[in-house]
Amino acid sequence: MNCRRFQNRLYEYAEGTLSPGTRAAADQHLARCGICRQAVRQEQQLAQSLSERLRQGTKTLALRPDVRRRILTVLEHKSVPLMDREPLVGLWNRFAWPLAGAVCLLLVVGFLLVNHFPGVRTHRTEIARSDGRDISSAISIQISYCAPIYKFRREGNLVVDTLSCETVVANETLWTGGQTPVQPTQEKRIPL
Amino acid sequence: MDEERLITALKAHVPGAAQELVSSYGDRLFRSAFLLCGNEADAEDIVQETFLQAMRSVHRFRGDSTIYTWLHAILLNLTRHYHRDRKRIVCDNELVGREVSPADESPSPLDAGAATSALLKAMCRLSDAHREVLILRYYEDMKIHEIARHLGISTGTVKSRLHYAIGEMQKLLPGELNLFGASGTEEMKPR
């Protein structure tokens with residue numbers, strides 16, 4: 001061991017916390033190095049001097065009786081742990097984060113399911129509109145028929161008759177499952 | 001009451017347990033708080049808050065350290081908050097300048113009292129980090145690795161802070177007062 005390595009371990013040497021091997025090497029070094037011996041002496045004297053003076057400077061200090069009483073009063077009234085004092089707040093503090101994590105996880109899983117499995121979305125739509133009308137069982141019907149129109153007019157002494165046809169288009173939705181058909185939703189007349 | 005029984009009693013809110021805690025550790029914590037924050041009034045408040053926090057968190061104490069070390073860790077944390085709020089330490093001039101009872105073996109009582117007073121004043125002028133290691137090492141008698149664990153820093157940083165703090169103290173103390181006892185005034189070699 002050289003001086004530099006010894007000085008790095010000076011505090012541990014003085015307090016006696018070096019391992020036996022390092023301690024033996026340090027002792028060997030000290031036997032032949034006066035500077036390091038002086039450093040050890042200084043550290044020991046410093047420890048003794050500072051320790052004594054600090055203790056001396058504070059040994060008359062003590063908590064005053066009224067301060068002691070005040071501390072005990074405060075401890076009596078305020079020292080109850082949070083869990084005992086406010087069980088709901090304590091429970092909330094304990095479970096708030098796990099609960100928030102679980103909700104976030106459910107939202108993410110739900111979002112992924114809806115976007116990657118269309119069947120799920122259809123099903124959800126059907127449920128959402130299941131107020132008596134099932135969209136998947138609705139049949140849209142468009143009826144187009146021709147309505148004849150027979151007209152007479154007079155031209156001098158003659159009576160002229162004309163036959164024309166008007167196409168009527170009607171849209172209808174047929175609901176299965178015993179639902180009452182609704183009235184035509186749209187009707188348009190197209191004259192020929 | 002031994003430490004284990006005291007902690008069990010505190011956890012069970014046994015009447016008188018808090019009083020036992022304050023009686024056993026109050027004065028010792030108060031002295032340490034005084035050295036850390038520099039005046040008696042703040043030291044009293046810090047000690048009160050230390051006990052309050054300790055009682056509130058006693059159910060988390062697992063017995064990995066002694067009760068005093070646990071309490072002192074809380075106190076140290078509170079002192080840091082105190083320093084952060086105050087920005088600089090306010091030393092109680094009456095206390096650091098008051099008559100100090102001399103050590104029994106001291107050949108010159110007046111010198112011992114003046115030296116202690118000067119020492120406390122000089123410590124007030126150290127930075128918080130340097131004052132902390134000095135107090136933990138030479139007042140609380142902690143070993144280097146214990147200080148490192150207590151402060152959450154490396155042993156190298158502890159040694160470096162100690163070395164700097166001792167150097168500063170030597171500069172701040174009057175020439176006739178040296179920290180190295182009778183062996184002389186020679187300055188410590190850099191480590």
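Since every read-out is calculated from the coordinates, none of them should be taken as a lab result. Computed from a predicted structure; not experimentally measured. Every residue, glycine as well, gets a Cβ built from its backbone with ideal geometry; the counts of neighbours run over all protein chains shown.
One table, with the values for the structure above:
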{"read-out": "Nonlocal amide H pairs with A:Thr167, under 5 Å, H built at 1.01 Å", "value": "A:Ala147, A:Ile190, A:Leu192"}
{"read-out": "Amide N of the stretch B:1-29 lying under 19 Å from the label point, which is placed 7 angstrom from the Cα of A:Glu76 along Cα→Cβ", "value": "B:10-24, B:26"}
{"read-out": "Gained length - A:Leu158 relative to A:Phe95, 0.36 nm times residue gap less alpha-carbon distance", "value": "12.9 nm"}
{"read-out": "A:Thr17/B:Asn77 FRET efficiency (R0 22 Å; Cβ-Cβ; nearest 0.05)", "value": "0.30"}
{"read-out": "Whole-percent pair-distance distribution, where bins are 5 Å wide, for the alpha carbons of the stretch A:10-55", "value": "5, 21, 26, 24, 13, 7, 4, 0"}
{"read-out": "Cα lying deepest toward the dipole's positive end in the stretch A:3-58, options A:His29, A:Tyr13, A:Gln48, charges on Cβ", "value": "A:His29"}
{"read-out": "Only Lys, Arg (+1) and Asp, Glu (-1) charged, at Cβ; the stretch A:3-58 dipole about Cα centre in debye", "value": "180"}
{"read-out": "In the stretch B:23-62, the trypsin sites (Lys or Arg not before Pro) that fall in loop regions by DSSP, at most 15 other Cβ within 10 Å", "value": "B:Arg62"}
